[in-house]
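In what follows, a single structure is set out as structure tokens and then discussed.
Quick note: the coordinates plus some simple rules give every number you see, no bench work behind them. Here the structure is a predicted model, which is why all the values come from computation and not from measurement. Here the Cβ positions follow ideal geometry from the backbone for every residue, glycine too, while neighbour counts run over all protein chains shown.
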Amino acid sequence: MKRFLINISLILMITIVLVGCGKKQAPMDLYDSIQQRGKLVVGIENNIQPFSFKGPDGKPQGFEIDIAKQIAKAILTDENAVEYVIVEPATRISMLNSGKADMLIATMTITKSRANVVDFSEPYYYAGQTILVKRNSKIKTFTDLNNKRVGVTFGTTAIEGIKTVAPGAQIQGFKTYQEAYNALKADNIDAFASDDTILLGYSINDANVKILQQRYTQEPYGIAFRKGTESERAIDIVNSTINIMKSNGTMTKLKSRWFKPSEIK
Ligand code: GLU
């Protein structure tokens with residue numbers, strides 16, 4: 001009898017689990033949920049000139065903000081139907097995957113390992129890694145970085161990049177770009193390795209630092225989405241928006257709005 005009761009309880013438990021699994025909802029199609037909400041939620045970076053930074057009115061502006069607006073126009077016929085969420089490089093993928101943003105437009109390089117965890121749009125910009133140093137620095141080439149203290153931001157491709165170009169560098173990680181820049185200013189590091197796009201803003205605003213002209217990687221920037229079929233329709237629309245922007249001159253117009261001719265890639 002005891003055995004019979006145990007068997008019945010086991011069957012009941014298994015049934016409950018199976019029924020529960022059957023009811024598990026598939027994630028809602030991203031395009032549909034954006035439509036229903038009437039708003040796009042985009043993860044962006046903070047204080048990256050000219051990609052994404054606070055304008056005089058306190059609102060985000062920059063090249064990537066204009067791309068977000070073009071996408072909102074394509075999906076919702078309203079370029080202002082965008083809510084911005086600030087992300088950091090080290091946490092941006094987990095913020096995306098936990099649903100805090102529909103997509104990331106955040107100077108994010110398309111890499112093979114990231115493509116295992118997120119889906120990317122086609123590239124909308126090509127950056128490359130280089131180095132920021134103090135203006136009077138003796139560092140002239142990347143090989144000079146061996147045995148030097150080089151700052152990188154956690155969660156960025158700069159970590160792998162610097163290991164390749166200067167294996168003897170002493171890498172120090174920082175939570176934000178700003179912290180790495182502050183460390184350079186305070187002489188706690190000798191160089192700050194990052195995309196030229198990120199470093200450019202610092203060198204424009206601060207005459208006491210400079211970037212080395214050469215780049216040692218190519219960084220195609222893509223818009224990141226949660227991986228899976230839920231994002232497919234949204235990615236299709238984003239890709240066609242990027243392609244239309246490239247072919248009808250909008251991308252060139254945006255680049256000349258935000259970059260000097262010598263900086264356009
Ligand atoms: N593009 C880089 C990445 O996706 C971020 C910028 C940087 O490292 O400077 O990791």
**Message:** Condition first: within 16 Å of the ligand (Cβ to nearest atom), surrounded by fewer than 15 Cβ atoms within 10 Å (Cβ to Cβ) and among the hydroxyl-bearing types (Ser, Thr, Tyr). Can you find one or more residues in region 233-248 that meet it?
**Reply:** no
**Asked** Identify, please: which residue in region 102-135 is under 12 Å from the mean Cα position of the chain (by Cα) and among the hydrophobic types (A, V, I, L, M, F, W, C) and is, among those, farthest from the ligand (Cβ to nearest atom)?
**Response** MET103
**Message:** Can you confirm whether GLU122 is more than 27 Å from LYS54 (Cβ to Cβ), of a type in the set (Asp, Glu) and assigned to a loop (DSSP other than H, G, I, E, B)?
**Reply:** yes
**Message:** Is it the case, given these coordinates, that LYS210 is free of Cβ contacts under 8 Å to residues at least 24 places away in the same chain, charged (D, E, K, R) and out of contact with any Asp or Glu (no Cβ under 8 Å at 6 or more places or on another chain)?
**Reply:** no
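Output yes when any residue across region 218-230 is of a type in the set (Phe, Trp, Tyr) and over 24 Å from LYS73 (Cβ atoms), and no when none is. So that I can check it myself, show each step before the final result.
Narrowing region 218-230 to residues of a type in the set (Phe, Trp, Tyr): 221, 225.
From what is left, the residues that are over 24 Å from LYS73 (Cβ atoms) are none.
There is no residue in region 218-230 that is of a type in the set (Phe, Trp, Tyr) and over 24 Å from LYS73 (Cβ atoms).
Conditions tested, residue by residue: (1) free of Cβ contacts under 8 Å to residues at least 12 places away in the same chain; (2) surrounded by fewer than 17 Cβ atoms within 10 Å (Cβ to Cβ).
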site: THR77; (1), (2): yes, yes
site: ASN80; (1), (2): yes, yes
site: VAL85; (1), (2): no, yes
site: ALA90; (1), (2): no, yes
site: THR107; (1), (2): no, no
site: VAL118; (1), (2): no, no
site: TYR124; (1), (2): no, no
